[in-house]
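First the structure, in the form of structure tokens, and then the observations on it.
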Amino acid sequence: MIRLMLLDDHALVRTGYRRLFDAERDMEVVCEAAGADEACACLRACDIDVAVVDLSLKGASGIEAIRRLLQRNRGIRILVLSMYDEPGYVRQAIRAGALGYMTKDCGPDELMAAVRRVAEGKRVFADGLANAVLCADFESEALMERLTPREFEVLRQAAQGDAAACIARSMHLSEKTVLNHLSAVRQKLGAQNDFKLMLLAVRHGLVSLEDKARA
């Protein structure tokens, strides 16, 4: 039996996926969480084989949640299930420790197969994603890969307009540490100011201009 954790900040989404997984003879959802803190608490209360993680969470993102989960239990297997299909997100999720990456437009059979593969310790990607990652512009991806997963997450939240104090709370860091990370990000990416940093964030799919317009 594959014991699952669902990490998604939408209760209706978790309910839908729970029904799908619990209908399988070899799967059981033993824990649900809306954020990284709840997910870490689940690890203390339940035996979990696979965590199915969304990247878009309130507070700390799924990438930060992956890092924290694996810090607490190196044996847990992580499958990302996200709306994002940009190569930058896929690469950072894998670097944080995820074994698989599926998009939310995949079919139920694809998702179940992905969970079983990840439970066996094997990598899995949604159709076309692996090829997209491999074929992405080398220079562009190499630039983002200069960042650590934590620096990537700080940049993502900053690009969405979050203040340093807000980022610090969501990532359980001091505000000074967040500012130091932002300084390191600017240096690694060669962005002399926040405007250039925002342009890089848009270019690499960390945030869209439409998102900024709605904010």
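Only the coordinates and a few stated rules stand behind these numbers; no lab work does. Since we're looking at a predicted model, the values are computed, not measured. Ideal geometry is used to build each Cβ from the backbone, glycine not excepted, and the neighbour counts take in all protein chains shown.
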Exercise for review: Mind jotting down the distance between the C-alpha centroids of region 157-190 and region 60-83, whole Å?
Suggested key: 20 Å
Practice item. Specify whether the C-alpha gyration tensor of region 6-70 places it in the rounded, prolate or oblate class, a ≥ b ≥ c being the square roots of the eigenvalues: rounded for a/c under 1.5, otherwise prolate if a/b is larger than b/c and oblate if not. Key: oblate
Study note, to complete from the structure: Taking the alpha-carbon centre of each part, the distance from region 1-33 to region 105-128 in Å is 15 Å
Review point. Among (1) 49, 40, 32; (2) 67, 41, 40; (3) 55, 37, 33, which is the computed Cα extents along the principal axes in Å?
Key: (3)
Exercise for review: Towards the positive end of the charge dipole of the chain, with charges on Cβ (+1 Lys, Arg; -1 Asp, Glu), say which of 164, 42, 103 has the farthest Cα.
Suggested key: 164
Check your understanding: To the nearest 0.05, how large is the calculated FRET efficiency for residue 146 and residue 179 if R₀ is 22 Å and r is the Cβ-Cβ distance?
Key -> 0.75
Point to revise | Nearest-0.05 FRET efficiency for residue 203 and residue 20, computed from C-beta distance (R0 30 Å) | key: 0.25
Exercise for review: At 7 Å along the Cα-to-beta-carbon direction for both residue 28 and residue 193, put a label point, then send me their distance in nm to one decimal.
Suggested key: 5.9 nm
Practice item. Compute the Cα gyration tensor for region 45-116, then decide on rounded, prolate or oblate, letting a ≥ b ≥ c be the square roots of its eigenvalues: rounded whenever a/c is under 1.5, prolate when a/b is larger than b/c in the other cases, and oblate in all that remain. Key: oblate
Point to revise | Two-site label geometry, residue 41 and residue 9: point separation in nm, points 7 Å out along Cα→Cβ | key: 1.7 nm
Point to revise | Taking 175, 151 and counting other C-beta atoms within 10 Å, the order from fewest to most | key: 175, 151
